[in-house]
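What follows is a single structure, written as structure tokens, with notes after it.
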Amino acid sequence: MRDSFLNDGFFKSLDSSVKDVSEAETLPPECYTSEDFFEFEKDALFNREWLCVGREDWVKKPGDFFTVSHIGEPLIISRTKDGELKALSAVCQHRAMLVAEGHGNAKAFVCPYHHWTYGLDGRLVGAPAMSKTCSFNRDDVKLPELRTETWLGFVFVNFDANAEPLAPRLTQITEALENYDLLNAEGPFPDAPSQYPWNWKVMMENNNDGYHATRLHKGPLHDFIPSELAVFPDMPDGAAGYMRFNGTLHADAAFNPLQKAVLPVFPKLTDEERRRALFANIPPTLSLVVTSDMIIYLILHAESANSHSMTMGYLVAPGAMSVPLFEDKMAFNMNAAMEITEQDLHVDELVQVGLKSRFAPRGRYSWQERAQSDLNIWLVSRYQDAWTRLNGQ
Ligand code: FES
């Protein structure tokens, strides 16, 4: 690696980011800006962790599929004829064309280039004019397959065949989400991911930052959820995610000009749940923004140190999409959400500029930024473990 900063001293210096939030400092700026660090991070995180790819109900029927990409690896998520969920590489095993794009329903994946054809389970079922090719056996060829796991209707994949299961390490978040019944929540297939010229962690930190809420978003679309009402539950050792509850000034608060839910509230919510929002992060790919009538999910796709893309979608209570004027009500919500999001995106873009500066700090945290130190705890243990592995210690 070119940069000399990736050494024992650098990884030891990360210890100061995993102290109690009252003592911790931010990660070194290079963790957000260096392409060499991103290459290291692929091995430390992305090749080992569970990566969210979408919702299981996007592939309800046999033949349904969608495509997705993480760290530049094009993938297909498909439902086989037997109803099995599969995660496959989209890379043709002939000359590397992608065998599928977008989403839809297919009987098989036919590579457009030379028409090698793969079953929904990835097996090569057709390869024209290959009979004179020595030692070529169609049965030996298939699209590489990844492990999958589903959690509350979200599909995750893992490049590591030996990775620990995800759900047992999310019990506390699962319990917090129980009454929202995410497994049965409904939502449309989202728009294609949007591109952003900043590090994926800048986005993930912003998604669960209670500190900026009262400041950056000051105004009638956000004032009902003050930063002072943030609560950060302790997560058990080894937890695969972290969360923040944020109290609201009235029940069923929502990010819209009425500050009130306009869609049916998730029916099992308690009074306590209706007086708070929940922000949960499952790094390195999934953030949830949970309110009484709507859940926004954000799926991050890291691409380089200085860029990522993000899929943004929403879920509502079963039947909510059939209520009169649903589209208008959702537009009412999403227009406000986009106004708030624009404020975040502006900040995120300039944070990345600042992080590249020679004057970029290792700053200190407010208690309202506990989610950032929770992310640091998740990251640093993995960074330090990977550095130890890399050095054969
Ligand atoms: Fe796919 Fe040739 S690259 S069939």
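The values are calculated or read from the model by the stated rules, or taken from the named source; none is laboratory data. The shown structure was predicted, so the numbers you read here are calculated from the model rather than taken from an experiment. For neighbour counting, all protein chains shown are included, and Cβ atoms are generated from backbone atoms with ideal geometry for every residue, glycine included. Side chains included, ligands, DNA and RNA excluded: accessible areas come from the protein's heavy atoms. Shrake-Rupley method; radii C 1.70, N 1.55, O 1.52, S 1.80 Å.
Here segment 166-220 is assigned +1 on the Cβ of each Lys and Arg and -1 on the Cβ of each Asp and Glu. Its dipole about the Cα centre then comes out at about 360 debye.
Taking the accessible area of segment 26-124, probe 1.4 Å, and keeping the other protein chains in place, the carbon and sulfur fraction comes to 48%.
Within segment 250-304, the proportion of C-alpha pairs whose separation exceeds 15 Å stands at 51%.
Cross-link reach is defined here as a Cα-Cα straight distance under 14 Å, omitting same-chain residues fewer than 8 places apart; for Lys12 the aspartates and glutamates meeting it are Glu25, Asp385. Counting only protein heavy atoms and a 1.4 Å probe, segment 312-393 has 53 square angstrom of accessible area per residue. About the centre of its Cα atoms, segment 158-275 shows a dipole size close to 420 debye [charges on the beta carbon of Lys, Arg (+1) and Asp, Glu (-1) only; nearest 20 debye].
The alpha carbon gyration tensor of segment 1-86 gives principal lengths a ≥ b ≥ c with a/c of 1.5 or higher and a/b greater than b/c, which makes the shape prolate. Taking the convex hull of the alpha carbon positions in the chain and averaging its projected area over all directions gives 21.4 nm².
Near the amide H of Val110, within less than 5 Å, lie the amide hydrogens of Tyr118, all on another chain or at least 5 residues away, with H placed in the peptide plane. Taken along the Cα-to-beta-carbon direction at a fixed 7 Å, the label points for Thr270 and Ala108 span 5.5 nm. Taking each of Lys61/Lys260; Lys61/Lys132; Lys86/Lys107 in turn, the alpha-carbon distance tops 26 angstrom for Lys61/Lys260; Lys61/Lys132. Rounded if a/c is under 1.5, else prolate if a/b is larger than b/c, else oblate: which is segment 161-268, with a ≥ b ≥ c the root eigenvalues of its Cα gyration tensor? Rounded is the answer for segment 161-268, as its axis ratio a/c remains below 1.5.
When the inverse distances between all different Cα atoms of segment 96-253 are averaged and flipped, the Kirkwood radius reads 20.7 angstrom. For segment 322-372, carbon and sulfur atoms together expose 58% of the accessible surface, with a 1.4 angstrom probe and every protein chain in place. Measuring nothing but how far apart in sequence close Cα pairs (under 8 Å, 6+ apart) lie, relative to its length, the chain scores a relative contact order of 21 percent. The mean accessible area for residues of segment 153-242, using a 1.4 Å probe and ignoring ligands and nucleic acids, is 43 Å² per residue.
Using all pairs of distinct alpha-carbon atoms, the Kirkwood hydrodynamic radius of segment 119-166 works out to 13.5 angstrom. For segment 190-237, the alpha carbon convex hull comes to 157 Å³ per residue, rounded to a whole number. Cross-link partners of Lys60 among aspartates and glutamates, defined as those whose alpha carbon lies under 14 angstrom from its own and excluding same-chain residues fewer than eight positions apart: Asp82, Glu84, Glu186. Each distinct pair of alpha carbons in segment 271-393 adds a 1/r term; the inverse of their mean, the Kirkwood radius, is 17.8 Å.
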